[in-house]
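One structure is given below, represented as structure tokens, and several questions about it will come after.
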Amino acid sequence: MIIEKLRIPEVLLITPTVFGDTRGFFMESWNQRQFSDAGLNLSFVQDNHSRSQQGVLRGLHYQIHQPQGKLVRVVSGAVFDVAVDLRRSSATLGQWVGATLSEENQQMLWVPPGFAHGFYVLSNSADFLYKTTEFYAPEAERCIVWNDPDIGIDWPLLTNSKPQLASKDAAGCSFAQAETYS
């Protein structure tokens, strides 16, 4: 497993070792020992699976109480996945990093607690799986609007298209108004 730090060093791009032949492939998507050896002593409490069609944008979501760390991956299709730093004590507050996750590259992204998270579906559809370090708490869920100019995410939107948004995502607050972490 190769674990690399992105421009915001707490967000990690993880490339598992894949063993494949004409029959298919095998890979470990989670190995507690390897993650612990890399300094990630994580305890997951929930696994989630979402399916979205092309052009759907989900996020930027976070929980202000019970902040969730997320280990995310795509098992079918492709998405552009984004993490936004919401930690006031961080030198990278308000900055974002993104990566394309797909069934072909089989990469995963570690989004630590203290970050907002979102993704945009690039393929016809995408199955998106993620483990969380805290349970879902709807009363603590917050959303920053996907196209906030202060954050300036360079989403790879499909030509001449606007993303499909849930009503809560379309009504997200600005970064300037967002509740953040200490």
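Only residues in segment 70-95 that are farther than 20 Å from LEU42 by Cβ count as the first member; pair them with residues that are open to solvent by less than 10 Å² (accessible area, probe 1.4 Å) and charged (D, E, K, R), Cβ under 8 angstrom, at least 6 apart or cross-chain, and list the lot.
THR92/ASP85; LEU93/ASP85; GLY94/ASP85; GLN95/ASP85
Okay, moving on. Would you please name the residue that is surrounded by the most Cβ atoms within 10 Å (Cβ to Cβ), looking only at residues in segment 166-176 that are touching a strand residue (DSSP E or B) at 6+ places or on another chain (Cβ under 8 Å) and part of a loop (DSSP other than H, G, I, E, B)?
GLY172
For LEU42, are the conditions met, namely being under 19 Å from the mean Cα position of the chain (by Cα) and crowded, with 17+ Cβ neighbours inside 10 Å? First the steps, then the outcome.
Numbers: under 19 Å from the mean Cα position of the chain (by Cα): yes; crowded, with 17+ Cβ neighbours inside 10 Å: no.
For LEU42, the condition - under 19 Å from the mean Cα position of the chain (by Cα) and crowded, with 17+ Cβ neighbours inside 10 Å - is not met.
Another question about this same structure. If you check every pair at least six apart or on different chains, which have Cβ atoms under 9 Å apart with a residue in segment 162-182 that is polar (S, T, N, Q) first and a residue that is open to solvent by 50 Å² or more (accessible area, probe 1.4 Å) and assigned to a loop (DSSP other than H, G, I, E, B) second?
Listed pairs, sorted by first residue: GLN164/GLN54; SER174/PRO149; SER174/ASP150; THR180/ARG88; THR180/LEU93; SER182/ARG88; SER182/SER89.
Out of all the residues in segment 144-165, which are open to solvent by less than 80 Å² (accessible area, probe 1.4 Å) and under 18 Å from LEU93 (Cβ atoms)?
ILE144, VAL145, ASP148, ILE151, GLY152, ILE153
The values are calculated or read from the model by the stated rules, or taken from the named source; none is laboratory data. A quick note: this is a predicted structure, and the numbers were derived from the prediction, not measured. So basically every Cβ, Gly included, is an ideal-geometry build from the backbone, and we count neighbours across all protein chains shown. These area figures cover heavy atoms from the full protein model, side chains too; ligands, DNA and RNA do not enter into them. Shrake-Rupley method; radii C 1.70, N 1.55, O 1.52, S 1.80 Å.
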